[in-house]
Amino acid sequence: MPAATQGGIRPGLTPLDGTQSCAPHPAQTCASPGRTLFETTDPEQVGHCFQRAFGSVLSIRVEAPSVLLRIERIDAGGCRLDEVALDGVSVTAEGHDVLRVCQPTGGTIDWRQRRVSDRFGDGDVAILADPQVGHWCRWHDASATVVTVSGEQIRRAAAGDPDARTGRVGFTGHRPFSAAAARQWVHTVAYVTESLTCEGGAAAPLVAGSAARLLAATALATFPNTSVLDERPVDRTDATPETVRRALAFIESSADHPIGVDDIAQAACVTVRAVQLAFRRHLDTTPMAHLRRIRLDRAHEDLHRARPDDGTTVTQVAARWGFPSPSRFSMLYRAEYAQLPSETLRDAGS
């Protein structure tokens with residue numbers, strides 16, 4: 001797939017000629033890890049292929065003599081990004097522990113959940129599958145970017161207390177809060193797609209690990225839901241120097257792992273709100289901003305220690321430490337060290 005656009009992974013798909021196998025195989029357009037292609041034009045294979053891609057909780061009805069199914073997938077563990085083209089098929093899905101959000105880029109999708117019906121088209125952003133409620137939809141010569149985030153990631157993003165991760169999070173609306181919220185979702189999907197498809201991005205654990213966290217948090221900020229992250233009195237009490245000390249120790253020892261603010265809070269034995277208040281009160285920063293600074297320092301060390309014959313590149317070092325965009329990494333690096341990362345690498349080699 002080419003680089004992301006605001007519409008998603010790619011704005012359109014070309015229907016395939018002939019009958020194709022529904023067996024997944026590596027996408028020929030990119031050999032990066034975690035990339036898979038499902039495709040078929042055989043009506044007898046569509047249901048099997050779709051279930052292989054999305055699970056047995058789906059039942060498929062072929063409603064036209066000629067069908068098309070094509071799914072290009074990026075799999076980042078806790079989340080998946082699929083570019084789907086589908087025509088002549090309706091899908092009935094049971095409630096499953098995932099959230100699926102679609103961005104149609106062509107055609108239309110008729111959708112129904114309980115007593116609510118809607119039609120999605122080019123430019124829309126909508127929840128296709130709720131973690132708790134089943135749905136029905138029919139694709140009319142439609143293409144869409146479909147983002148899947150696990151229910152566990154949604155609960156982790158919503159949990160104000162690390163011990164509350166198993167709590168239920170319900171989505172009370174399938175459309176975004178506002179046009180601005182919809183734009184934020186589109187921009188986030190574009191950023192994540194670029195991060196996972198740029199050179200070295202898909203193979204970098206820090207990049208893949210942060211993708212699901214970012215998408216889950218953005219989903220909660222985009223669609224009406226039941227999560228509540230209000231600050232509690234105990235959070236202010238726990239925002240102590242000792243909390244900061246425990247959090248800093250964890251960040252220092254775990255910066256090379258895909259951690260988030262919920263992991264930092266759990267390591268500090270406080271809520272997410274408490275650790276955020278503690279960092280703001282005592283360090284005038286945020287836990288994630290401090291984590292980024294530590295990773296930037298580690299990247300600086302790697303570039304400084306590089307040797308001319310070891311094959312080190314700026315892009316590789318940036319992706320290793322969770323900076324999938326080389327241009328943004330260079331901007332942050334120059335602001336911190338008053339030189340470009342390429343200059344540090346060149347000086348180390350000399």
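The values are calculated or read from the model by the stated rules, or taken from the named source; none is laboratory data. Since we're looking at a predicted model, the values are computed, not measured. Counting neighbours? That spans all protein chains shown, and the Cβs are built from the backbone with ideal geometry, glycine included. Ligands, DNA and RNA are stripped out before the accessible areas are found, and what is left, the full protein with its side chains, is counted by its heavy atoms. Shrake-Rupley method; radii C 1.70, N 1.55, O 1.52, S 1.80 Å.
Order THR313, THR226, most accessible first, counting only protein heavy atoms with a 1.4 angstrom probe.
Numbers: THR313 50, THR226 75 Å².
If we order THR313, THR226 from most to least accessible, we get THR226, THR313.
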>> Please report the accessible area of PHE50 (heavy atoms, 1.4 Å probe, ligands and nucleic acids excluded) in Å², nearest 10.
In response: 10 Å²
> Tell me, how many Å apart are the Cα centres for the range 95-115 and for the range 295-350?
Replying inline: 42 Å
>> Given the range 227-302, report the % of alpha carbon pairs whose separation exceeds 15 Å.
In response: 50 percent
>> What's the ranking of 267-273, 245-251, 61-67 by average number of surrounding C-beta atoms within 10 Å, highest first?
In response: 267-273, 245-251, 61-67
> To the nearest 10 square angstrom, what accessible area does SER327 show with a 1.4 Å probe?
Replying inline: 90 Å²
> Could you state the number of Å between the C-alpha centres of the range 208-228 and the range 39-53?
Replying inline: 30 Å
> Rounded to the nearest 10 Å², what accessible area does GLU252 show when all protein chains are kept and the probe is 1.4 Å?
Replying inline: 90 Å²
> Which order do ARG175, ARG155 take by accessible area at a 1.4 Å probe, largest first?
Replying inline: ARG175, ARG155
